[in-house]
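The values are calculated or read from the model by the stated rules, or taken from the named source; none is laboratory data. Model, not experiment: these values are computed from the prediction. Cβ placement follows ideal geometry from the backbone for every residue including glycine, while neighbour counts extend to all protein chains displayed. SASA here: full protein model, heavy atoms, side chains in, ligands and nucleic acids out. Shrake-Rupley method; radii C 1.70, N 1.55, O 1.52, S 1.80 Å.
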Amino acid sequence: MNSIKHDYQSQNFIYTTRLTSKQQAFVDNVLAGHNHIHAYKLAYDTKSSHKVIGISANALLKNPKIIKAIHSKRNELQISMSIALEKHNLQMQLASELKELYTKIQDDNTRIKVLEMLIAISKSISA
């Protein structure tokens, strides 16, 4: 189905079409690490010759919609990984600071609260 989509970055209108379910499956398989021929076989469930599959898979890889979908999803995954790494680093830093604080606290009730916070951070890091 064709649609007009507003591109907020360039403030231009661009004409786009959605991927078919098989094209999306191909993109997902490529992103999962399969080579383009195996990704095509999985997505299209075909018994065609290796040569025909190779030609068809290469054609898909040259399709601007496919290229854009692969790049967009890879960018999304990179951003997600960066956020997860940053979150992990902040949790580790907080845990380190709480451990240091724990050694300086004399009050038992406060020490218990710091330990509870450390346990909560430990659980979220390992989850």
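Considering only protein heavy atoms, what per residue accessible area in square angstrom results for the chain with a 1.4 angstrom probe?
76 Å²
How large is ³J(HN,Hα), in whole Hz, for each residue of the stretch 46-63 in order, when computed from phi with the Karplus curve 6.51 cos²θ - 1.76 cosθ + 1.60 and θ = phi - 60°, using x for Gly and Pro?
10, 10, 4, 5, 4, 5, 5, 4, x, 5, 5, 5, 5, 4, 4, 5, 9, 5
Which lysines, if any, have their Cα less than 30 Å from the Cα of LYS104, not counting same-chain residues under 8 positions apart?
Reachable lysines: LYS87, LYS113, LYS123.
List the aspartates and glutamates whose alpha-carbon lies under 19 Å from that of LYS65, not counting same-chain residues fewer than 8 positions away?
LYS65 reaches ASP7, ASP28, GLU76.
If you project the alpha carbons of the chain onto the principal axes, what extent comes out on each, in Å, largest first?
Over the chain, Cα extents along the principal axes are 74, 40, 18 Å.
Ignoring everything except DSSP H segments at least 4 long, calculate the 222 nm mean residue ellipticity for the chain; use -39,500 (n - 2.57) per segment, divide by total residues, nearest 500.
So the helix-based figure for the chain works out to -25000 deg cm²/dmol.
Got a sec? Charge dipole of the chain, +1 on Cβ for Lys and Arg, -1 for Asp and Glu; which of LEU77, ILE125, MET92 is way out at the positive end?
Of the listed residues, the answer is LEU77.
Treating only the Cβ atoms of Lys and Arg (+1) and Asp and Glu (-1) as charged, compute the dipole magnitude of the chain about its Cα centre; round to the nearest 20 debye.
780 debye
How high is the relative contact order of the chain? Use alpha-carbon pairs under 8 Å, at least six apart in sequence, and give a whole percent.
Taking the mean separation of contacting Cα pairs over the length of the chain, I get 15 percent.
Normalized C-alpha radius of gyration of the stretch 43-83, against 2.2 N^0.38 Å?
1.56
What are the radius of gyration and Dmax of the stretch 66-127, computed over its Cα atoms and given in Å?
17.9, 61
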